[in-house]
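The values are calculated or read from the model by the stated rules, or taken from the named source; none is laboratory data. Computed from a predicted structure; not experimentally measured. Because the Cβ atoms are built from the backbone with ideal geometry, glycine has one as well, and the counts that use them run over all protein chains shown.
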Amino acid sequence: MSDELPDRPTLPDRLATDPDSPFYDAEILARNVGVRFKGEDKTNVDEYCVSEGWVKLAVGKTLDRRGKQLTIKLNGPVEPYFRDAD
């Protein structure tokens, strides 16, 4: 019996859910990534950066002039994790 964890990629420092972003990674997002921001689980995170300590959160259903969902950038501690690991 092995004590090794299943083969799992490490989470990147920065990740986005927008396919047009250079920080988008479909393979990692398919593994059910969760984000804790200031100790609370957030379900509306569009992008995060651990080293800079910020998240971009979706704001309602409002769209910007390019048709993308409007976001707000908040600063604080960011902890990404795989949800199925809990």
Picked from the range 31-49 (must be basic (K, R) and under 15 Å from T17 (Cβ atoms)), the residue surrounded by the most Cβ atoms within 10 Å (Cβ to Cβ) is K42
Inside the range 32-71, counting only strands (runs of 3 or more DSSP E) that do not spill past its ends, which hold 1 or more residues that are hydroxyl-bearing (S, T, Y) and under 13 Å from L15 (Cα atoms)? 45-49
How many of the residues making up the range 53-64 are farther than 14 Å from V33 by Cβ and surrounded by 12 or more Cβ atoms within 10 Å (Cβ to Cβ)? 6
Only one of (1) farther than 24 Å from P9 by Cα; (2) modelled with pLDDT of 95 or more; (3) assigned to a loop (DSSP other than H, G, I, E, B) does not apply to P22, and that is (1)
In the range 65-86, residue surrounded by the fewest Cβ atoms within 10 Å (Cβ to Cβ) [restricted to those that are among the aliphatic types (A, V, I, L, M) and closer than 10 Å to F37 by Cβ]: L74
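Results for (1) touching a Ser or Thr at 6+ places or on another chain (Cβ under 7 Å); (2) farther than 15 Å from A16 by Cα; (3) free of Cβ contacts under 8 Å to residues at least 24 places away in the same chain, shown as yes or no for each residue.
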{"residue": "S51", "(1), (2), (3)": "no, no, no"}
{"residue": "W54", "(1), (2), (3)": "no, no, no"}
{"residue": "L57", "(1), (2), (3)": "yes, no, yes"}
{"residue": "G60", "(1), (2), (3)": "no, yes, yes"}
{"residue": "R66", "(1), (2), (3)": "no, yes, yes"}
{"residue": "L70", "(1), (2), (3)": "yes, no, yes"}
{"residue": "K73", "(1), (2), (3)": "no, no, yes"}
{"residue": "P77", "(1), (2), (3)": "no, yes, no"}
{"residue": "P80", "(1), (2), (3)": "no, no, no"}
